[in-house]
Amino acid sequence: MKLADLYARPGLTLSVEFFPPKTEKGEENLFSEIEIIKRLKPSFCSVTYGAGGSTREKTVDLVETIHDGCGLEVMCHLTVVGQSKAEACAVLARLKEKEIENLIALGGDPPQGMDDWRPHPDGFQHAIELVREARSVGGFSIAVAGFPEVHPRAANRESDLQFLKEKVDAGAAAVITQLFFDNDDYFRFVEDLRKLGVTVPIVPGILPILSASQVRRFTALCGAKIPAKLERELATVEHDDNAAVELGIDYASRKCEALIQFGVSGLHFYSLNKSYSFAAICKNLGF
């Protein structure tokens, strides 16, 4: 089922993101976690593409395996960085041949060890070009990324919002946000996009905290901030990852309750290939 149809259904659309494991053992563990997650009936899952497009083959292989054998709708990540137009178009052709209907078009992260972001010299320059290419191929429902706290490479907030609107106008069916920890940033983001005439679902991305060091690393990478109250709470679990996980479950549960009350169409969880926090949050929310 396509993203546009999934988000048009009554009720809350839950989705979960995975990344391609590096080892056979990691892949085995992931499919064990997927079996647990499936019991919570998420509407779909997504599979990341890796920094610099580094996991292209593993990503598409994993997407196909989930599509063929896991009983889950799946959305494939596709990025500008790290691949030529021909390579990106080959992925689109492969997805279409396998009748995989959903993808998210992204700029992508630079490869590890590279500080600056550069598109492939023979590739697309911006995610909007991927949106247009996928639309021209036909048969896809396309999501794009949104940054409640402004994209780290954006010139300013206004240009960032306008560029996102252009991606939606080009054919995106949904916006899925980068992680954030202050709901007020998301509420403002939605309000500003609605004023620009963006009407598609704007789905908040939720990162359950696994450790204090992890959340600091992730927020630094994507330009998100940690609210002062959360920072104080993290300081109390600095050297206790188990306590940090429970803090993260509680924090995310309260955050999701407020987002649901606001009227979001869905919640997209960055699972880091773990089911525990997602399952606990869903239980807290009554799912």
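The values are calculated or read from the model by the stated rules, or taken from the named source; none is laboratory data. Please read these numbers as outputs of a predicted model, since none were measured by experiment. All Cβ positions, even for glycine, are placed from backbone atoms using ideal geometry, and neighbour counts span all protein chains on display. Keep in mind that these areas ignore ligands, DNA and RNA; they rest on the heavy atoms of the full protein, side chains included. Shrake-Rupley method; radii C 1.70, N 1.55, O 1.52, S 1.80 Å.
Within the group LEU78, LEU103, LEU12, which residue is modelled with pLDDT of 90 or more, open to solvent by 20 Å² or more (accessible area, probe 1.4 Å), among the aliphatic types (A, V, I, L, M) and touching a Leu at 6+ places or on another chain (Cβ under 7 Å)?
LEU12
Can you tell me which residue in the range 197-217 is nearest to TYR276 (Cα to Cα), limited to those that are open to solvent by less than 50 Å² (accessible area, probe 1.4 Å) and not in a loop (DSSP other than H, G, I, E, B)?
ILE206
Against the condition open to solvent by less than 10 Å² (accessible area, probe 1.4 Å) and of a type outside the set (Gly, Ala, Ser), how does ILE226 come out, does it pass?
When the stated conditions are applied, ILE226 does not pass them.
Quick one: how many residues across the range 81-100 are outside any loop (DSSP other than H, G, I, E, B) and open to solvent by 50 Å² or more (accessible area, probe 1.4 Å)?
Result for the range 81-100: 8.
Taking into account only those residues within the range 149-171 that are of a type in the set (A, V, I, L, M, F, W, C) and within 21 Å of ASP182 (Cβ to Cβ), which is surrounded by the most Cβ atoms within 10 Å (Cβ to Cβ)?
LEU164
Cβ-Cβ below 9 Å, separation at least six or inter-chain, first residue in the range 268-283 and without any contact (Cβ under 8 Å) to a residue 24 or more places away in the chain, second open to solvent by less than 30 Å² (accessible area, probe 1.4 Å) and assigned to a helix (DSSP H, G or I): which pairs?
Hits for this filter: LYS283/SER253.
One residue is enough: does the range 182-196 have a residue meeting the conditions within 24 Å of ALA280 (Cα to Cα), open to solvent by less than 40 Å² (accessible area, probe 1.4 Å) and either touching a Leu at 6+ places or on another chain (Cβ under 9 Å) or β-branched (Val, Ile, Thr) (or both)?
Looking for residues that are within 24 Å of ALA280 (Cα to Cα), open to solvent by less than 40 Å² (accessible area, probe 1.4 Å) and either touching a Leu at 6+ places or on another chain (Cβ under 9 Å) or β-branched (Val, Ile, Thr) (or both), one finds at least one in the range 182-196, hence yes.
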